[in-house]
1. I'm checking my understanding of the structure. Among residues of segment 194-219 that are assigned to a helix (DSSP H, G or I) and modelled with pLDDT under 80, which one is farthest from PRO63 (Cα to Cα)?
2. Name every residue in segment 168-178 that is surrounded by 15 or more Cβ atoms within 10 Å (Cβ to Cβ) and modelled with pLDDT of 80 or more, in order of residue number.
3. Return the residue satisfying two criteria in turn: it lies in segment 390-399 and is in contact (Cβ under 8 Å) with a residue 60 or more places away in the chain and farther than 10 Å from LEU87 by Cβ, and of such residues it is surrounded by the most Cβ atoms within 10 Å (Cβ to Cβ).
4. Looking at (1) of a type in the set (Gly, Ala, Ser); (2) open to solvent by 40 Å² or more (accessible area, probe 1.4 Å); (3) within 18 Å of the chain's Cα centre (by Cα), which is the one condition that is false for SER371?
5. Of the residues that make up segment 173-192, is at least one in contact with a helix residue (DSSP H, G or I) (Cβ under 8 Å, 6 or more places away or on another chain), polar (S, T, N, Q) and not in a helix (DSSP H, G or I)?
6. Mind checking which residues of segment 74-105 are open to solvent by 10 Å² or more (accessible area, probe 1.4 Å) and assigned to a loop (DSSP other than H, G, I, E, B)?
7. Here are some conditions: (1) open to solvent by less than 70 Å² (accessible area, probe 1.4 Å); (2) outside any helix (DSSP H, G or I). LYS411 meets all but one. Which one does it not meet?
Amino acid sequence: STMKKRKTTDSSHASTNLTEGKEKLRLKQEVGLISGVSLIAGTMIGSGIFMSPEWVLHHMGSPASSLLIWAACGLLAMFGALSYAELGTIIKESGGEYIYILRIFGSFPSFLFAYTSVILVRPAGLAAVCLSFAEYAVAPFYPGCSSPQVVVKCTAAACILVLAIINCLNVRLATTIMNIFTAAKLLALLMIVVGGLVLLVKGQTQSFQNAFQNTTAGIGAVGVAFYQGLWSFDGWNNLNYVTEELKKPEVTLPRAVMIAIPLVTCLYLLVNVSYLAAMTAPELLSSGAVAITWDPGDKVLGSWAWLISLSVALSTFGSSNGTFFSGGRVCYIAAREGHMPDILSMAHVRCLTPSPALLFTSAMSLIMIISGSFTSIVNLFSFIAWLFYGMTISGLLYLKIKKPELSQSYKVPIIIPIIVLVAAVYLVLAPIIDQPQIEILYIIPFIFSGIILYFPLVHFKCHPHFLQRVTLHLQLLLEVAPTTRD
């Protein structure tokens, strides 16, 4: 069976050989429970909670229904992560959805995932986070009005270029930035939560009176609201990308999930309550950067209100750095398995970083920033992500029914992956049926366009000679070498 054909020798050698710097970060040191909780929570708390609340409220129409969406998003992320935890104890390899789809369904669907992820999903995630960083970075320069989109997009593009330089030159610097900026995001959220509690004590509860009034009931609007909310929870599956480096994955995975996700969910709900305490629904809807306008008239922080914009900008920059850092992992593993060009599995001979994969992700992210807005990119990202989440969860259900003996140490009740699969089907179909958007309608043909590449290049291994020459010239230009061989 496909499950038994595990390429452990070459894979483990490649993982260890990718870079000494990366080995120090993820392979040399084993990841325990505390590190696992930090990895999940630190990735989840990014730009979404500072950008998505107004869009969730926009699509749901009322404060109370938007809070219900946030709670439901946390519950769905929890169910999804628990299901992935069982997969991680069965298939103890790094790579997340890609490796699960490869081992369960085979080469073709895993290639379609890698093709879509490398070209669309990962770049879209990076583009959305960098756009949110840009919104907060330039907002103080345009008080009282919306920031010009040209300025926002140029700032986001500059952010991507800076991240590309940092991550291609020095792995340790990239990870240090992630650790330092985690403190900034926690500071920003705690200031907002405490400030909101102060406002509630002072009696600012107008947003919670008739809180369900104007609630939207359309299935498409609810689906798009889920997209925006779930964007803030993205990262609930991040621990599955480093399964090979976990101490006792059958114990660490489920425990880390059960600690991290409820904590993040409670924090997100408190932050949303704080937003609604500080602003009326119309004020929140008119905000381009909700945390900036959270303190109207400087009622809470006074002359220190600028700390919010600074903290959020640092937070989103750190989050975009983390997204960029992990973005090359699927690309590298797919190239290691022969599903991507060889150049993407190579590392710089001196800096010891996967620079080709990072540069490719940068180029695709720049294209998305030029052509899209934050909300359209998030909808695009979420649609594709939940399409493949659903495929992965269906693989777990297949294993639980057909091969129950594989899962011995940790089993999730079968109703949980069923709920996640139903939710994934809803999130994929509802926006198409009720509110079809042009970028979503293009995605399915794009995914299946991978068929044109798969059969000649992967299945039949027909590699034109000019591709080998291109690879050689790129190696010389980028100063990279293969990591899958001695």
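1. Keep residues of segment 194-219 that are assigned to a helix (DSSP H, G or I), which gives 194-201, 206-208, 219.
Filter once more, so that each one left must be modelled with pLDDT under 80: 206-208, 219.
Working: GLN206: 11, SER207: 7, PHE208: 7, ILE219: 18 Å.
Among those that are assigned to a helix (DSSP H, G or I) and modelled with pLDDT under 80, it is ILE219.
2. Filtering segment 168-178 down to residues surrounded by 15 or more Cβ atoms within 10 Å (Cβ to Cβ) leaves 168, 170-171, 174-175, 177-178.
Listed by number, the list holds a single entry, CYS168.
3. Restricting attention to segment 390-399, the residues satisfying the condition of being in contact (Cβ under 8 Å) with a residue 60 or more places away in the chain are 391-393, 395-396, 398-399.
Restricting the remaining residues to those that are farther than 10 Å from LEU87 by Cβ gives 391, 398.
Numbers: MET391: 20, TYR398: 12.
If we take residues in segment 390-399 being in contact (Cβ under 8 Å) with a residue 60 or more places away in the chain and farther than 10 Å from LEU87 by Cβ, then MET391 is surrounded by the most Cβ atoms within 10 Å (Cβ to Cβ).
4. (3)
5. We begin by selecting, within segment 173-192, every residue in contact with a helix residue (DSSP H, G or I) (Cβ under 8 Å, 6 or more places away or on another chain); these are 173-175, 177-178, 180-182, 184-185, 187-189, 191-192.
Narrowing the set further to residues that are polar (S, T, N, Q) leaves 175, 182.
Restricting the remaining residues to those that are not in a helix (DSSP H, G or I) gives none.
No, that holds for no residue.
6. LYS92
7. It fails just one condition, (1).
Residue by residue, here is whether (1) modelled with pLDDT under 75; (2) open to solvent by less than 40 Å² (accessible area, probe 1.4 Å); (3) not polar (S, T, N, Q) holds:
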position: VAL251; (1), (2), (3): no, no, yes
position: ILE259; (1), (2), (3): no, no, yes
position: PRO262; (1), (2), (3): no, no, yes
position: THR265; (1), (2), (3): no, yes, no
position: LEU301; (1), (2), (3): yes, no, yes
position: TRP304; (1), (2), (3): yes, no, yes
position: ASN321; (1), (2), (3): no, yes, no
position: MET340; (1), (2), (3): no, yes, yes
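The values are calculated or read from the model by the stated rules, or taken from the named source; none is laboratory data. Just so it is clear, the model here is predicted, and its values are computed rather than measured. FYI the Cβ positions are ideal-geometry reconstructions off the backbone, even for glycines, and counts take in every protein chain you see. Ligands, DNA and RNA are stripped out before the accessible areas are found, and what is left, the full protein with its side chains, is counted by its heavy atoms. Shrake-Rupley method; radii C 1.70, N 1.55, O 1.52, S 1.80 Å.
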